[in-house]
Amino acid sequence: MAGIITGEDGKGRCFWHGGLEDYRRYHDEEWGRPVTDDFRLFEKICLEGFQSGLSWLTILRKRENFRAAFAGFDFHKVAVFGEEDIERLVADAGIIRHRGKIVSTINNARRAIELKDEFGSLAKFFWSFEPGPDMRPKVMDLDTLRANPTTPVSVTLSKTLKKRGWTFVGPTTVYAFMQAMGMVNDHLDGCFCQSEVEDMRLKFRRP
């Protein structure tokens, strides 16, 4: 089946892990599985912003460095970062030293606090955008995945975040975030994770 790689364990997986152990573990254990923890959600949307123009594998392999640099993505702590912190981060070879994305993360931390104050949690806000079954493709194959780097929901969520002052949250970045946090299940047909994730989503209690 197009887009499916069969591993040594006999399991079919989405092609994009490329057989790399750390990438395969991320695919098997994390990607697409529902997340409600606010710090993890903030981490995911920020790292998707850092990924823009790069490969996700680059970000994944630097993730622990990012966590150390950005206080575990505790947005209350990141929100008070100042110029000294920006210079520290720009000089940190363990992360992506893109000043604009660093400044964006600090800005978005402040916006995250506003969201939490208004909605009670980031999770409650983000999960309110979950698309219904009628908005999801009937078949999730390689052609469908490649043809939909954005969706109407990701466009709406992107616009909503931008109106609230968030940056580096274009519709493609937002859709990647939706995929990673489990708001949608984009494991391909034939991937063993697809049914596992769908079962988790059925049992999942939305915030």
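The values are calculated or read from the model by the stated rules, or taken from the named source; none is laboratory data. Since the model is a prediction, treat every value here as computed from it, not as a measurement. Quick reminder, even Gly has a Cβ in these numbers, built from the backbone with ideal geometry, and neighbours come from all protein chains shown. Remember, those area values only see protein heavy atoms, side chains included, never the ligands or the DNA or RNA. Shrake-Rupley method; radii C 1.70, N 1.55, O 1.52, S 1.80 Å.
General remarks:
- Mean-position separation - Cα centroids, segment 98-151 and segment 9-51, in angstrom: 15
- The lysines within cross-link reach of K101, meaning a Cα-to-Cα straight distance under 26 Å and a gap of 8 or more places when in the same chain, are K44, K62, K77, K116, K124, K159, K162, K163.
- Secondary-structure-derived ellipticity at 222 nm for the chain, considering helices only, amounts to -16500 deg cm²/dmol, per-run term -39500 (n - 2.57) for DSSP H runs with n ≥ 4.
- Other residues lying with their Cβ under 12 Å from the Cβ of S158 contribute a combined charge of +3, Lys and Arg counting +1, Asp and Glu -1.
- Comparing P133, P34, P149 in a Gaussian network model of the chain where C-alpha atoms under 10 Å apart are linked, the largest mean-square fluctuation is found at P133.
- Here the spin labels are modelled as points 7 Å beyond Cα on the Cα-Cβ line, and at E198 and K124 they lie 3.2 nm apart.
- Cα-centre dipole for segment 98-176 with unit charges at Cβ (Lys and Arg positive, Asp and Glu negative), debye to 20: 380
- Accessible area per residue for the chain is 49 Å², calculated with a 1.4 Å probe on protein heavy atoms, without ligands, DNA or RNA.
- The heavy atoms of W166 offer some 10 square angstrom of accessible surface to a 1.4 angstrom probe.
- Going by accessible surface with a 1.4 Å probe and the largest first, D22, D134, D143 read D134, D143, D22.
- Ordering V139, Y23, I45 by Cα displacement along the dipole of segment 1-160 toward the positive end leaves V139 in first place; charges were set at the Cβ atoms of Lys, Arg (+1) and Asp, Glu (-1).
- Once log10 I(q)/I(0) by the Debye sum over Cα atoms at q = 0.08, 0.10 Å⁻¹ is calculated for the structure shown, the corresponding label among (i) -0.28, -0.43; (ii) -0.43, -0.63; (iii) -0.31, -0.47 turns out to be (i).
- Choice from A112, A71, A123 with maximal GNM fluctuation in the chain (Cα, 10 Å cutoff): A71
- Here the accessible area of segment 28-167 is 51 percent carbon and sulfur, with a 1.4 angstrom probe and all protein chains present.
- Tilt relative to the chain, helix 99-119 - C-alpha long axis, 0 to 90 degrees, to 10: 80
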